[in-house]
Amino acid sequence: YRAGLERESHLPAVTKDGFFLNLMANIELVEEVVAVKDYGAIDIGLFRTEFLYLDLKRFPTEDELLCKYKELVELMSPQSVTIRTLDINGDKVNPYLSTVEEANPSLGLRAVRFCLENEDIFITQLKAILRAAAFGNIKLLIPMISCVEEIIQVKQVINKAILELDHEDKIFNKDIPLGIMIEVPSAVIMAEHLADHVDFFSIGTNDLIQYSMAIDRRNRRVAHLYQALNPAVLKMIKMTYDAAKKKGIDLVMCGEMAGDPINLPVLVGMGLSNFSMNPASIPAVKKLIRELDAQKAEKNVKEIMKFNTVQEISDFILKEYKDIL
Ligand code: PEP
Ligand code: MG
């Protein structure tokens, strides 16, 4: 069955009624590019950059980072690679990086918060990304943005990185799309305002579910509340979609939610069309999409959004799509 799925994974991700979707891959290592192509993804929708930092047990230099990023974009060229800046602390804990113990690391100095506090480390990575952008198609993605001030500050740091590269006569490309992860509820609420500062949003449902349901994504004792189809989560996705649409910026979903076929009818029905996921999830998601009627999904979402419980929502989906799920 799996072999059949994989054979078909090179067909386009188009719904039965002709609505084209863009399926991209989440990766952590350059070596995964082979899998990306095998599974039929077009672009890299999320390159998590933590792993090089964790592997080395020290902060990599600008040239070390450049070397990896350049290799990746050249392998993928002309397709795009969305490089996300460092998202350490939180669940990706690193003993050599965190000298201070935090009672709640997920609520602590994580991701962009860490980068803004450690500007030299941030600038090193930004310079490597801007330099790699001279060799292929890069988009820059910032994780864990929780307020407008942060993105304004990030842009100031990007400008500093550009000035340094100019000074050093380095070859680079500063005309790359800038996006932010929407993974904190405050960012959903402020999405329209955040949209004024960026070119795209990427919804990170792994953290968005964690932070909106107030459950630790690694804690099994509360795993029953980790619900992608919770009405609160769906409302937040819809709010983000509406804000991106109103402001005319692109929207991607790159959390695990996009990789589970049961969630696709509601996401496609809402109007989302760019999904990035673990490469191995692509064949099954693509199969579902090719059997899905997008117009019917759109009608069904109107019903789904009226429900107040996750039980009613999943029952409705399982009943409506029993032939294709
Ligand atoms: C997410 O939070 O949904 C996400 C894609 O990022 P990560 O899993 O790396 O936190
Ligand atoms: Mg996240």
- At 1.002 mPa s and 20 °C, Stokes diffusion of the range 3-104 via Kirkwood alpha-carbon radius, µm² per second: 136
- Highest-fluctuation residue, Thr240, Thr309, Thr124 considered, GNM on the chain with Cα pairs under 10 Å: Thr309
- Checked the range 165-273 against the a/c 1.5 cut and the a/b vs b/c comparison, axes a ≥ b ≥ c from its Cα gyration tensor; verdict prolate
- Message: What does the extension gain come out to for Val148 and Glu28, with contour length at 0.36 nm per residue minus their alpha carbon separation?
- Response: 40.4 nm
- Virtual spin-label span in nm between Ala35 and His10, 7 Å along Cα→Cβ: 2.0
- Item | Angle between the chain longest axis and helix 282-291 axis [Cα atoms, degrees, rounded to 10] | 40
- Tell me, what ³J(HN,Hα) does each residue in the range 31-44 have, in order and in whole Hz, if you take phi through Karplus 6.51 cos²θ - 1.76 cosθ + 1.60 with θ = phi - 60° and put x for Gly and Pro? 4, 6, 4, 4, 4, 4, 6, 4, 7, x, 7, 8, 10, 8
- For the range 111-125 and the range 138-191, what is the separation of their Cα centres, given in Å? 11
- Derived scalar couplings ³J(HN,Hα) [the range 239-252; Karplus, 6.51 cos²θ - 1.76 cosθ + 1.60; whole Hz; x for Gly, Pro]: 4, 5, 4, 4, 5, 5, 5, 4, 8, x, 10, 6, 9, 10
- Message: With unit charges on the beta carbons (Lys and Arg positive, Asp and Glu negative) and the dipole taken about the Cα centre of the range 1-67, which residue among Phe59, Ala35, Leu5 sits farthest to the positive side?
- Response: Leu5
- How high is the relative contact order of the chain, in percent, with contacts defined as C-alpha pairs under 8 Å that are six or more residues apart? 20
- With the chain treated as a Gaussian network of Cα nodes joined by springs under 10 Å, which of Met239, Met181, Met24 yields the largest mean-square fluctuation? Met239
- Task: Specify the residue with the greatest mean-square fluctuation among Ala214, Ala103, Ala25, computed from a Gaussian network of the chain linking alpha-carbon atoms under 10 Å apart.
- Result: Ala103
- From the cross-link list Lys16/Lys322; Lys139/Lys246; Lys37/Lys68; Lys247/Lys287, which pairs have alpha carbons spaced over 24 Å apart? Lys247/Lys287
- Message: Under the rule a/c < 1.5 gives rounded, and otherwise a/b versus b/c splits prolate from oblate, where does the range 169-219 land using the Cα gyration tensor?
- Response: oblate
- For Lys139, the residues 5 or more places away or on another chain with a placed amide H closer than 5 Å to its own amide H are Val81, Thr82, Ile83
- If Lys and Arg each add +1 and Asp and Glu each add -1, what is the summed charge of the other residues whose beta carbon sits under 11 Å from the beta carbon of Met24? 0
- Query: Which angle from 0 to 90°, rounded to the nearest 10, does the C-alpha axis of helix 148-167 make with the longest principal axis of the chain?
  - Reply: 40
- Message: Binning at 20 angstrom from zero up to the longest distance, how are the C-alpha pair distances of the chain distributed in percent?
- Response: 32, 59, 10, 0
- Where both partners of a DSSP beta bridge lie in the chain, what percent of those bridges are antiparallel, to the nearest 5? 5
- Efficiency of FRET from Cβ geometry, Asp17 and Leu56, R₀ 51 Å, rounded to 0.05: 0.55
- Going down the list Lys245/Lys296; Lys70/Lys160; Lys174/Lys286, which pairs span over 24 Å between their C-alpha atoms? Lys174/Lys286
- Message: Need the full-extension length gain, Glu303 to Ile171, defined as separation in residues times 0.36 nm minus the C-alpha distance. One decimal, nm.
- Response: 42.2 nm
- Item | Rounded, prolate or oblate (a/c below 1.5 giving rounded, otherwise prolate when a/b exceeds b/c) for the range 220-325 by Cα gyration tensor | rounded
- Note on the structure: Longest principal axis of the chain (C-alpha) makes with the long axis of helix 62-76 (C-alpha) an angle, in degrees to the nearest 10, of 40
- Pop the C-beta distance of Asp63 and Ala103 into the FRET formula with R0 = 30 Å and round what comes out to the nearest 0.05. 0.20
- Please give the net charge around Val148, taking every other residue with its beta carbon less than 12 angstrom from that of Val148, where Lys and Arg add +1 and Asp and Glu add -1. -3
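Only the coordinates and a few stated rules stand behind these numbers; no lab work does. Every value quoted in this text rests on a predicted model; they were computed, and no experiment measured them. Backbone-built Cβ (ideal geometry, glycine too); neighbour counts: all protein chains shown.
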